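Working notes, structure below.
The values are calculated or read from the model by the stated rules, or taken from the named source; none is laboratory data. A quick note: this is a predicted structure, and the numbers were derived from the prediction, not measured. FYI the Cβ positions are ideal-geometry reconstructions off the backbone, even for glycines, and counts take in every protein chain you see. For the accessible areas, the whole protein counts, side chains as well, though only heavy atoms, and no ligand, DNA or RNA atoms are used. Shrake-Rupley method; radii C 1.70, N 1.55, O 1.52, S 1.80 Å.
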Amino acid sequence: MATLYKRGGVYYLNWHKDGEQFRRTTGKSDRKEAEAVRAEKEAELAGVIIPRTGYTVAQVVSDYIKWAETERPDSWKGMQSILRHFRALFDPYPAEGLDPGKVEAGIASLPLGASSRHKVIRMAKAAFARAVRLGRIRVNPMARVELPQFVTSRAPPWYAPKQLEALYKLPRGPLWRFMAETGARRGEIAKATTGDVRRGLFYIESTAEGRTKSGKWRSVPLSNGAKAALKGLGKDRLVSVHYDTLSDWFSADAGAAKLPGTLHWLRHTFCTHLAQAGVPAHEICKLAGHSSVLVTERYMHHAPAAGAEAIGRMEAWADAELSTAASTKKHSARPK
């Protein structure tokens with residue numbers, strides 16, 4: 001049985017377990033809040049609920065970031081940046097006591113776009129799932145938090161060959177051409193060396209220096225354009241700068257070429273051009289290193305004659321219906 005008593009304006013919780021007496025403060029709380037703590041402890045002692053570990057949100061997220069620093073060296077800083085929004089809302093709270101509804105409302109109130117809010121929740125879910133797997137928390141409230149629904153759906157942006165010509169004429173053109181014709185992500189190209197190009201293939205592998213997004217290796221056959229571009233890249237590292245610098249470089253060059261978009265548009269371009277050339281979805285999936293062909297399907301609307309056969313059948317059906325209706329009307333109009 002758990003009881004409450006008040007001393008010096010602070011409520012204390014008192015209980016016995018296995019013949020031993022325990023006490024702890026309920027913190028800065030009023031009678032109602034202290035009673036809620038007592039009721040929870042009572043339920044725990046009775047075996048109605050699983051006892052909480054006392055781990056805070058700050059501990060769960062910090063542990064996850066420390067793990068990512070080793071296991072995701074090329075992306076952990078981005079993960080830390082995304083999760084700072086979650087920490088700003090919930091850092092001091094008990095990890096197992098989060099209210100899923102309040103988490104959803106809190107994330108929805110952030111001054112971020114839908115995609116960014118989606119990332120915050122996805123990453124927080126991953127942090128909590130890891131804490132459960134390691135036994136640091138027993139209850140995972142994030143498992144009941146739903147991802148926000150996107151109210152918009154747009155085709156991935158890409159560059160037409162004529163636009164790429166303007167980009168390729170710039171001093172850093174070989175770099176952009178190599179990325180557009182291999183589909184390499186910025187983190188993948190930032191760690192790539194000339195040793196990754198072997199027997200006409202560009203090997204994109206997970207190594208101690210950096211991992212691929214999926215953690216799996218892939219190889220991309222070099223097109224004639226990629227082979228030509230390779231001659232303009234580094235003799236050891238293909239490019240010896242941080243991947244954030246690559247994004248800055250591209251922003252400057254896209255502006256000089258009077259083009260919209262970001263560095264990631266080159267990867268979209270790679271996938272889109274493959275789809276436009278009639279390459280099957282599963283093959284694009286392998287070349288791009290997508291986690292699933294479901295990701296690749298975003299580009300398949302660009303496949304040659306995609307949907308054209310269906311529209312053609314619809315038009316033929318409509319023409320036949322009109323022809324039948326006209327014939328019936330003409331037949332019924334004849335004098336008897």
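Can you say whether Trp176 is surrounded by 18 or more Cβ atoms within 10 Å (Cβ to Cβ), in contact with a Ser or Thr (Cβ under 8 Å, 6 or more places away or on another chain), at pLDDT 95 or above and not polar (S, T, N, Q), as far as the supplied structure shows? No, not satisfied. State whether one or more residues within the range 269-284 are hydroxyl-bearing (Ser, Thr, Tyr), in contact (Cβ under 8 Å) with a residue 12 or more places away in the chain, in contact with a helix residue (DSSP H, G or I) (Cβ under 6 Å, 6 or more places away or on another chain) and open to solvent by less than 20 Å² (accessible area, probe 1.4 Å). For the range 269-284, residues hydroxyl-bearing (Ser, Thr, Tyr), in contact (Cβ under 8 Å) with a residue 12 or more places away in the chain, in contact with a helix residue (DSSP H, G or I) (Cβ under 6 Å, 6 or more places away or on another chain) and open to solvent by less than 20 Å² (accessible area, probe 1.4 Å): present.
Give the number of residues within the range 224-256 that are under 16 Å from Pro161 (Cα atoms) and either modelled with pLDDT under 95 or open to solvent by less than 20 Å² (accessible area, probe 1.4 Å) (or both).
In the first step, residues of the range 224-256 are kept if they are under 16 Å from Pro161 (Cα atoms); the result is 224-226, 229, 254.
Remaining after also requiring either modelled with pLDDT under 95 or open to solvent by less than 20 Å² (accessible area, probe 1.4 Å) (or both): 225-226, 229, 254.
So the answer is 4.
Tell me yes or no: at least one residue of the range 291-308 is open to solvent by 60 Å² or more (accessible area, probe 1.4 Å), small (Gly, Ala, Ser), more than 23 Å from Gly200 (Cα to Cα) and in a helix (DSSP H, G or I). Checked the range 291-308: no residue is open to solvent by 60 Å² or more (accessible area, probe 1.4 Å), small (Gly, Ala, Ser), more than 23 Å from Gly200 (Cα to Cα) and in a helix (DSSP H, G or I). When His264 is tested against the conditions (1) open to solvent by less than 50 Å² (accessible area, probe 1.4 Å); (2) at pLDDT 95 or above; (3) of a type outside the set (Asp, Glu), the lone failure is (1). When residues in the range 11-44 are screened for being within 17 Å of Glu96 (Cα to Cα) and among the aliphatic types (A, V, I, L, M), 4 of them pass. Within the range 122-160, the set of residues being touching a residue at least 24 places away in the same chain (Cβ under 8 Å) and in a helix (DSSP H, G or I) comprises Arg122, Met123, Ala124, Ala126, Ala127, Phe128, Arg130, Ala131, Pro141, Met142, Arg144.
Applying the set (1) touching a residue at least 40 places away in the same chain (Cβ under 8 Å); (2) within 23 Å of Lys77 (Cβ to Cβ) to Thr245 leaves exactly one unmet item: (1).
When the residues of the range 121-145 are narrowed to those that are in contact with a Ser or Thr (Cβ under 8 Å, 6 or more places away or on another chain) and open to solvent by 70 Å² or more (accessible area, probe 1.4 Å), which ends up modelled with the highest pLDDT?
Of the residues in the range 121-145, the ones in contact with a Ser or Thr (Cβ under 8 Å, 6 or more places away or on another chain) are 136-138.
Those still in the list that are open to solvent by 70 Å² or more (accessible area, probe 1.4 Å) too: 136, 138.
Details: Arg136: 94, Arg138: 88.
Within the range 121-145, the match that is modelled with the highest pLDDT is Arg136.
Just for helices (runs of 4 or more DSSP H) wholly inside the range 16-118: which have at least 2 residues that are over 30 Å from Arg154 (Cβ atoms) and open to solvent by less than 40 Å² (accessible area, probe 1.4 Å)? Steps first, please.
Working: elements: 31-45, 57-71, 76-90, 100-108.
Passing ranges, in order: 31-45, 57-71.
Here Arg84 meets the list (1) at pLDDT below 95; (2) more than 21 Å from Ser206 (Cα to Cα); (3) under 19 Å from the mean Cα position of the chain (by Cα) almost entirely, failing just condition (1).
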